[in-house]
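Let me begin by presenting the structure, written as structure tokens, before commenting on it.
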Amino acid sequence: MNAFVDMNALLARCHTPQGRVFLVGAGPGDADLLTLRAARLLAEADVVVYDHLVGPGVLALIGADAERIYAGKERANHSMGQPDINALLVRLARQGRRVVRLKGGDPFVFGRGGEELQALAAEGVPFEVVPGITAACGVSAYAGIPLTHRDFAQSCLFVTGHLKDHSFDLDWAALARPRQTVVIYMSLTGLATICAKLVEQGLAADWPAAVVAQGTLASQRVVTATLATLAAAVEREGLSSPCLTIVGEVVRLRDELRWFDQDAAAAPAHALPNALEA
Ligand code: SAH
């Protein structure tokens, strides 16, 4: 062990006021889907660092005095790199502030929340995690597509369709199985390739599949089709992101179970506030 201790660094650390970072899931869009804990932390935060998928209804819950920092992350337009965000969180906490790091959906599902916490842990910054409703759960619920159902699917996989270096690193054979549901995040760009791969691996060309755009919001749109027709149908409908793809026989249940985006007259009363937000 090194006998020499950097006393200045040690003193600086001891005298630095200790803030805390709360890694908070904002849910898929509808602000009513936020946890009570998330709402409370937003009201009490000194500073909120948020991503682009966090909707206006959630941001409205941030206290008036809190500083807001947009950390972005649109697909082609990363406004702040991941190392910059990690460093920012450390810096804000070292200022002794209550920092809410707000992410769409659940922070541990395709949200890089784990990476941000690793950076905090390495710097000795205390943190807490507040789960959120991940898009797969929120969006499927509002689309009327149960992710499991005893007659159709006994398991459910969440995967990312994000093309890193234009190639998929997915276990296609495991995805192309009957009696399961596959939910594919970030799948809009690669949709045609994803559907073709699943058919190539053995799923029927007429296997049910759906894309839900802007799920849980008043602007939600759902396209149901088959693996053979989905990509063209989505293109034709001109869906805009964020979009989630759901593959499996459970998609057929939507005809019977849709409730949210039926039509304006039939929409349940509690869906109306969303219409005002969108
Ligand atoms: N941590 C988030 C996921 C971040 S990755 C979560 O747990 O939900 C971003 C992807 O999530 C989008 O590309 C899209 O596939 C999906 N997504 C998030 N919100 C969505 C919404 N309201 N409707 C449809 N898809 C959504």
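Going by the conditions given, is Leu117 outside any loop (DSSP other than H, G, I, E, B), open to solvent by less than 40 Å² (accessible area, probe 1.4 Å), outside the structural domain of Gly238 (by TED's automatic domain parsing) and not acidic (Asp, Glu)? So Leu117 passes the test. Out of the stretch 120-145, which residues are at positive phi and in the same structural domain as Ala31 (by TED's automatic domain parsing)? Selection gives Gly124 alone. Within the stretch 140-171, the set of residues being at pLDDT 95 or above and among the hydrophobic types (A, V, I, L, M, F, W, C) comprises Ala141, Ala143, Ile145, Leu147, Phe152, Ala153, Cys156, Leu157, Phe158, Val159. Would you call Thr216 within 10 Å of the ligand (Cβ to nearest atom) and touching a Ser or Thr at 6+ places or on another chain (Cβ under 6 Å)? In short, no. Kindly evaluate Phe127 against the criterion of being within 16 Å of the ligand (Cβ to nearest atom) and open to solvent by 50 Å² or more (accessible area, probe 1.4 Å). Taking the combined requirement at face value, the residue does not satisfy it. Among the residues making up the stretch 205-228, those that are of a type outside the set (A, V, I, L, M, F, W, C) and in contact (Cβ under 8 Å) with a residue 60 or more places away in the chain are Gln214, Gly215, Thr216, Gln220. All of (1) open to solvent by 30 Å² or more (accessible area, probe 1.4 Å); (2) within 9 Å of the ligand (Cβ to nearest atom) hold for Tyr142 with one exception: (1). Within the stretch 95-114, is there a residue that is in contact (Cβ under 8 Å) with a residue 12 or more places away in the chain, surrounded by fewer than 14 Cβ atoms within 10 Å (Cβ to Cβ) and within 25 Å of Ala135 (Cα to Cα)? Checked against the condition, which is being in contact (Cβ under 8 Å) with a residue 12 or more places away in the chain, surrounded by fewer than 14 Cβ atoms within 10 Å (Cβ to Cβ) and within 25 Å of Ala135 (Cα to Cα), the stretch 95-114 yields no hits at all. Can you tell me which residues in the stretch 176-197 are over 20 Å from the mean Cα position of the chain (by Cα) and outside any strand (DSSP E or B)? Correct list: Ala176, Arg177, Pro178, Arg179, Ala192, Thr193, Cys195, Ala196, Lys197.
Taken over the stretch 198-232, the criterion of being in a helix (DSSP H, G or I) and either open to solvent by less than 10 Å² (accessible area, probe 1.4 Å) or at pLDDT below 95 (or both) is satisfied by Leu198, Leu230. Ala64 satisfies every condition listed in (1) within 16 Å of the ligand (Cβ to nearest atom); (2) in a loop (DSSP other than H, G, I, E, B); (3) modelled with pLDDT of 95 or more except (1). Every test in (1) open to solvent by 40 Å² or more (accessible area, probe 1.4 Å); (2) within 28 Å of Arg221 (Cβ to Cβ); (3) not β-branched (Val, Ile, Thr) is passed by Ala43 save one, and that test is (2). Among all positions in the stretch 52-60, there is at least one residue which is touching a Lys or Arg at 6+ places or on another chain (Cβ under 6 Å) and assigned by TED's automatic domain parsing to the domain that holds Ala26. Of the set (1) more than 11 Å from the ligand (Cβ to nearest atom); (2) in contact with a helix residue (DSSP H, G or I) (Cβ under 7 Å, 6 or more places away or on another chain); (3) in a helix (DSSP H, G or I), all apply to Leu157 but (3).
The values are calculated or read from the model by the stated rules, or taken from the named source; none is laboratory data. Quick caveat, the model's predicted, so the values are computed rather than measured. FYI the Cβ positions are ideal-geometry reconstructions off the backbone, even for glycines, and counts take in every protein chain you see. Calculation scope for accessible area: heavy atoms of the full protein, side chains included, ligands and nucleic acids excluded. Shrake-Rupley method; radii C 1.70, N 1.55, O 1.52, S 1.80 Å.
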